[in-house]
Amino acid sequence: MSSHAGPIDHHHDHTTSTGIPNKKLFMWAFLASDCMFFGTLISTHLIYRLHPPPGSPSPKSIFSIELTSFSTFILLMSSLLMALAVNALQKGKVRSTRQNLLGTVFFGMIFLSCQVYEFSHFVHEKGLTLSNSLFGSTFYVLTGTHGCHVAIGVLWLVLMYIRSFKPADADEGRAWLLKSFFHLILFAVTIVASVASVLGFVHALHEGEGFGGFLHLHALAFGGMIAGLVLLFLISRQKTPVDFGEANAIDVESMGLYWHFVDIVWIVIFTAVYLLEYL
Amino acid sequence: MDAAAQSHFTSKEAGHAVTKRSWIFTRPTAKTGLISWLTTVDHKRVGILYGISALLFFLVGGIEALLIRVQLAVPNNTFLAHQTYNEMFTMHATTMIFLAVMPLSAAFFNYIMPLQIGARDVAFPRLNGFAFWVFLAGAIILNVGWFVKSGAPDSGWFGYAPLTSKAFSNQFAGDVSTDLWIMGLQILGVSSVIGSMNFIITIINMRAPGMTMMRVPVFTWMTLVTAFLIILSFPAITIALVELMMDRSFGTNFFEVSAGGLPILWQHLFWVFGHPEVYILILPAMGIVSEILPTFSRKPLFGYPIVVFSGAAIGFLGFGVWSHHMFTTGMGTVATAAFSLATMAIAVPTGVKIFNWIGTMWNGHLQMRTPMMFALGFVWMFMMGGFSGIMHAAAPADAQQQDSYFVVAHFHYVLIGGSVFGLLAGIHYWFPLMFGRRIGEAWGKLSFWVIFTGFNVTFFPMHFLGLNGMPRRTAVYDGNMGWNDANLIATIGAFTLAIGIGIYFCVMVYTYFKGEKVARDPWDARTLEWSIPGPPPEYNFAVTPTVHARDAFWYEKTNPDEIAKEKSLHAKEDEAHGGVHMPSQSWFPFMAAVGFLTGSLFFANHHFVGAIAGGAVMFLGIYLWAHEGPGGYHVHPTADAEEPTGYGHSGKH
């Protein structure tokens with residue numbers, strides 16, 4: 001009866017009536033509910049698309065479909081990395097799991113940075129705000145809600161990555177909680193600094209100021225990014241045995257279900273909000 | 001089936017690291033006192049917390065109803081100002097639906113459902129505690145308006161746009177009553193969805209060996225259907241509320257007519273939630289009645305599969321009829337006809353259930369105990385409400401009845417005569433299980449007859465008021481409209497009903513302290529929850545039951561030798577695995593809910609720094625919750641049990 005003995009069966013949990021692990025079933029139930037959340041938001045967008053008030057902006061003149069297509073591709077590729085992370089942990093390969101988790105975080109952050117860029121571009125260059133048109137209201141709330149889902153997914157991935165460093169030795173485990181918290185804050189600072197640096201660099205290029213001009217304006221963000229990355233790299237060198245392995249595969253798998261779902265929702269949003277305008 | 005493999009608890013042990021844990025993860029172990037309640041993960045205690053809060057809010061909602069009836073007792077009354085009256089009917093409906101009937105149903109889901117399927121707890125015990133504390137947070141936010149300057153929410157429980165727009169909140173700058181309403185409902189939605197997901201996983205995954213889906217008691221089936229309705233319908237209102245919140249706080253235009261917003265969209269989103277909500281309120285009561293009628297008719301439930309499928313069909317059809325709340329909005333003839341037909345179709349599975357209940361009683365040896373009285377009252381009164389419901393389903397008739405007291409009469413017949421009667425029956429029925437004492441028959445029946453009379457005297461005249469044209473939600477009416485007598489009668493009825501509820505509550509409290517003590521299984525019932533002593537031990541079942549038949553406990557009672565042999569075998573197996581695994585208590589669900597409450601209160605008052613601080617506390621709570629691990633300890637019920645593992649005859653111990 002003990003699940004500690006012998007190899008772990010990742011597809012069948014004999015302690016439940018159906019054989020499906022509780023955590024996985026829970027995630028499926030949540031995703032069913034989440035379908036309805038997005039269904040409502042997408043319906044709202046489509047209904048107002050059919051009933052645009054006079055003077056509504058033309059979405060085609062606002063969108064930059066090349067950028068959105070690129071970020072869509074990146075998000076879909078992140079799903080591949082997520083699947084690889086699940087697969088690696090089911091085989092007990094912690095190192096490969098970590099790499100794929102970081103890759104998923106990286107791709108997710110590219111998507112989010114593109115969205116931040118897109119939003120600020122739309123507000124400042126195209127004059128589309130939350131309140132100056134109904135299209136702005138539905139567009140920002142729908143894509144923003146999806147962006148929040150991606151951001152929560154990134155947070156979850158980072159937390160899982162940090163979790164993979166929990167020492168197996170119980171004595172070290174007591175200090176680990178505090179350490180994990182600093183690890184998380186370090187991640188947050190690094191990610192914010194990185195996004196600020198990249199967006200600042202893009203802005204500098206746009207203004208024709210080049211790398212020097214960028215450094216001049218965004219030295220803090222750039223320095224924070226470099227320092228954060230170095231520190232994160234050093235932490236990742238930790239060699240002590242960890243309390244993380246095949247038994248945690250179910251947690252990563254549930255997270256993976258969420259991540260894939262958020263990707264699938266983006267395919268629907270990309271089609272219904274963007275591509276539909278180019279028909 | 002390998003029964004030993006079905007331990008029904010996460011097999012992961014915290015064992016090896018227990019001695020060296022950080023102080024912050026010291027699990028509370030109090031079994032009595034305040035801390036034991038704040039940190040509880042026991043589904044029975046969570047159920048009692050839900051029940052007590054629901055009954056408290058039931059009284060609050062009742063007082064609001066009485067104030068409404070006092071105002072309407074005579075024409076041109078000045079007892080309540082119009083503004084106060086609006087607050088009363090808004091909060092009466094919101095309170096009764098979200099803070100009384102739903103949590104009282106949730107109390108039974110929590111307490112009874114795991115016992116009926118032979119489980120030792122729900123699938124995620126800490127999450128279950130969290131769902132309750134979040135519910136309480138939402139209830140506080142909804143009611144906090146009574147104590148602050150902005151007043152209670154006053155735009156109706158349906159919150160139709162544009163009544164909820166900023167332009168209508170202009171009594172003074174910073175009127176946040178509508179913001180509180182929005183925030184409160186969103187939080188209650190979070191609580192309901194979390195709780196329901198837990199119930200779904202529990203029913204699907206935690207059934208005792210042999211408890212197939214077609215052996216699951218009907219109440220548990222209705223829990224499952226209701227939980228699915230909740231997780232699929234609450235997102236619609238949550239998003240509608242998010243859009244409204246964006247309108248009010250961040251200047252979007254979803255429902256802003258001047259910028260092209262469509263108020264009708266709110267109605268659609270609201271009723272896409274609102275109609276399934278009706279079934280969320282009634283299906284648990286139907287489940288309770290389906291348990292009580294067979295017990296007191298001394299027969300199995302007539303046509304169990306068809307009762308189950310009817311319940312599921314009602315839930316399914318319930319998603320396709322929302323626009324019957326909007327027949328007068330001019331949807332067009334095709335939509336109106338389609339929704340009219342779909343609405344009438346729901347009468348079919350409902351009627352099937354009624355006939356099955358009658359079939360259950362047919363030729364039975366009816367025992368007219370108090371729970372049975374309430375259950376019979378349910379069947380009759382719910383049918384009355386159903387009849388006027390079919391009248392509304394015909395769109396031309398509905399056009400006449402819309403927004404009149406006829407509608408008020410209709411939904412009070414299904415909500416009080418239906419849901420509340422069912423829930424009151426459930427309290428009487430399961431009280432001996434929960435507290436080991438039985439409510440006296442004489443007082444129980446007295447409360448039933450006073451409630452029954454008061455209810456009909458209050459709401460039957462409203463049919464006539466409605467057909468005579470009295471509109472809903474008006475604080476005053478003129479004396480020459482011909483509505484005076486019926487209104488006075490209704491007010492007298494309302495106070496009779498209040499006296500009945502008062503008797504019911506007094507008797508319940510008295511019984512809790514001084515009532516007649518009863519042994520296990522006082523009703524000679526059929527389902528597994530009666531196989532354990534009342535009040536149940538923390539671990540529920542000393543030995544995980546193995547189910548051989550639909551009426552599982554009845555089979556146990558009629559085949560004592562087979563069951564006794566099986567139980568002693570399983571008890572040995574359990575001991576070989578180290579005893580019964582119990583989940584540890586935890587502070588963090590409570591902590592996360594406190595963060596949620598403070599953050600939301602700040603947000604509703606547009607203090608975004610405070611909102612972020614509350615959110616941070618919540619995040620910290622969830623972070624620690626995730627890191628403390630499931631925990632757990634073992635108990636050895638069979639080793640030190642006072643009673644033998646075999647089951648003797650009911651009532652003798």
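The values are calculated or read from the model by the stated rules, or taken from the named source; none is laboratory data. Model, not experiment: these values are computed from the prediction. When we count neighbours, we look across all protein chains shown, and the Cβ atoms used for this are built from the backbone with ideal geometry, even at glycine.
Considering only residues in the stretch A:87-97 that are in a helix (DSSP H, G or I) and touching a helix residue (DSSP H, G or I) at 6+ places or on another chain (Cβ under 6 Å), the one that is surrounded by the most Cβ atoms within 10 Å (Cβ to Cβ) turns out to be A:89. Inside the stretch B:161-196, can you point out the residues that are within 14 Å of chain A (Cβ to nearest Cβ) and modelled with pLDDT of 95 or more? Residues satisfying the conditions are B:186, B:189, B:190, B:191, B:192, B:193, B:194, B:195, B:196. Among the residues of the stretch B:138-154, some residue qualifies, meaning at least one is of a type outside the set (Ser, Thr, Tyr) and under 16 Å from the mean Cα position of the chain (by Cα).
Could we say that residue A:230 is in contact (Cβ under 8 Å) with a residue 24 or more places away in the chain and either more than 10 Å from chain B (Cβ to nearest Cβ) or outside any helix (DSSP H, G or I) (or both) here? Steps first, please.
Numbers: in contact (Cβ under 8 Å) with a residue 24 or more places away in the chain: no; either more than 10 Å from chain B (Cβ to nearest Cβ) or outside any helix (DSSP H, G or I) (or both): yes.
Answer is no for this residue.
Going by what's in this entry, would residue B:158 be described as within 14 Å of another protein chain (Cβ to nearest Cβ) and surrounded by fewer than 24 Cβ atoms within 10 Å (Cβ to Cβ)? Walk me through how you get there before you give the answer.
On the way: within 14 Å of another protein chain (Cβ to nearest Cβ): no; surrounded by fewer than 24 Cβ atoms within 10 Å (Cβ to Cβ): yes.
Answer is no for this residue.
Residue A:152 meets all of the listed conditions (1) of a type outside the set (Asp, Glu); (2) surrounded by fewer than 20 Cβ atoms within 10 Å (Cβ to Cβ); (3) more than 23 Å from residue A:103 (Cα to Cα) but one, namely (3).
Which ones in the stretch A:21-44 are aliphatic (A, V, I, L, M) and more than 7 Å from every other protein chain (Cβ to nearest Cβ)? So that I can check it myself, show each step before the final result.
The first filter runs over the stretch A:21-44 and keeps only residues aliphatic (A, V, I, L, M), leaving A:25, A:27, A:29, A:31-32, A:36, A:41-42.
Correct list: A:27, A:31, A:42.
Residues in the stretch B:464-475 that are surrounded by fewer than 21 Cβ atoms within 10 Å (Cβ to Cβ) and part of a helix (DSSP H, G or I): B:464, B:467. Quick one: would you say residue B:118 is at positive phi and surrounded by 22 or more Cβ atoms within 10 Å (Cβ to Cβ)? In short, yes. Does residue A:19 satisfy the condition of being without any contact (Cβ under 8 Å) to a residue 60 or more places away in the chain, assigned to a loop (DSSP other than H, G, I, E, B), within 21 Å of residue A:257 (Cβ to Cβ) and not polar (S, T, N, Q)? Against the criterion (without any contact (Cβ under 8 Å) to a residue 60 or more places away in the chain, assigned to a loop (DSSP other than H, G, I, E, B), within 21 Å of residue A:257 (Cβ to Cβ) and not polar (S, T, N, Q)), residue A:19 qualifies. For the stretch B:214-231, residues that are at the interface with chain A (Cβ under 9 Å from one of its Cβ atoms) and either among the hydroxyl-bearing types (Ser, Thr, Tyr) or within 26 Å of residue B:526 (Cβ to Cβ) (or both) total 2. For the stretch A:32-79, a residue qualifies if it is part of a loop (DSSP other than H, G, I, E, B) and aromatic (Phe, Trp, Tyr), and exactly one does: A:63.
With respect to residue A:47, determine if the residue is facing chain B (nearest Cβ under 10 Å), surrounded by fewer than 18 Cβ atoms within 10 Å (Cβ to Cβ) and among the aliphatic types (A, V, I, L, M). Against the criterion (facing chain B (nearest Cβ under 10 Å), surrounded by fewer than 18 Cβ atoms within 10 Å (Cβ to Cβ) and among the aliphatic types (A, V, I, L, M)), residue A:47 qualifies.
The set of residues in the stretch B:396-410 being surrounded by 19 or more Cβ atoms within 10 Å (Cβ to Cβ) and small (Gly, Ala, Ser) consists of B:404, B:409.
For the stretch A:166-209, which positions are within 14 Å of chain B (Cβ to nearest Cβ) and among the polar types (S, T, N, Q)? Reasoning before the result, please.
Within the stretch A:166-209, the subset within 14 Å of chain B (Cβ to nearest Cβ) is A:166-185, A:187-188.
A:180, the sole residue that qualifies.
When each of B:562, B:538 is tested for being part of a helix (DSSP H, G or I), more than 16 Å from residue B:299 (Cα to Cα) and either acidic (Asp, Glu) or touching a His at 6+ places or on another chain (Cβ under 6 Å) (or both), the lone residue that passes is B:562. Scanning the stretch A:167-196 for residues that are part of a helix (DSSP H, G or I), touching a residue at least 24 places away in the same chain (Cβ under 8 Å) and farther than 20 Å from residue A:155 by Cβ returns A:172, A:173.
Any idea which of A:17, A:33, A:2 is under 27 Å from residue B:117 (Cβ atoms), at pLDDT 95 or above and either not assigned by TED's automatic domain parsing to the domain that holds residue A:133 or not hydrophobic (A, V, I, L, M, F, W, C) (or both)?
Working: A:17 fails: at pLDDT 95 or above; A:2 fails: at pLDDT 95 or above.
Checking each option against the conditions leaves just A:33.
Being more than 23 Å from the chain's Cα centre (by Cα) and either at pLDDT 90 or above or charged (D, E, K, R) (or both) is the filter here, so list the residues in the stretch B:21-68 that pass it.
The initial filter retains those residues of the stretch B:21-68 that are more than 23 Å from the chain's Cα centre (by Cα), namely B:21-36, B:67-68.
Of everything in the stretch B:21-68, those that are more than 23 Å from the chain's Cα centre (by Cα) and either at pLDDT 90 or above or charged (D, E, K, R) (or both) turn out to be B:21, B:27, B:31, B:34, B:35, B:36, B:67, B:68.
Candidates are the residues of the stretch B:476-497 that are out of contact with any helix residue (DSSP H, G or I) (no Cβ under 6 Å at 6 or more places or on another chain) and part of a helix (DSSP H, G or I); the one that is nearest to residue B:446 (Cα to Cα) is B:495. Cβ separations smaller than 6 Å between residues 6+ apart or across chains give the following pairs from the stretch B:28-48 residues that are β-branched (Val, Ile, Thr) to residues that are assigned to a loop (DSSP other than H, G, I, E, B): B:35/B:28; B:39/B:28; B:39/B:585; B:39/B:586; B:39/B:587; B:41/B:583; B:41/B:585.
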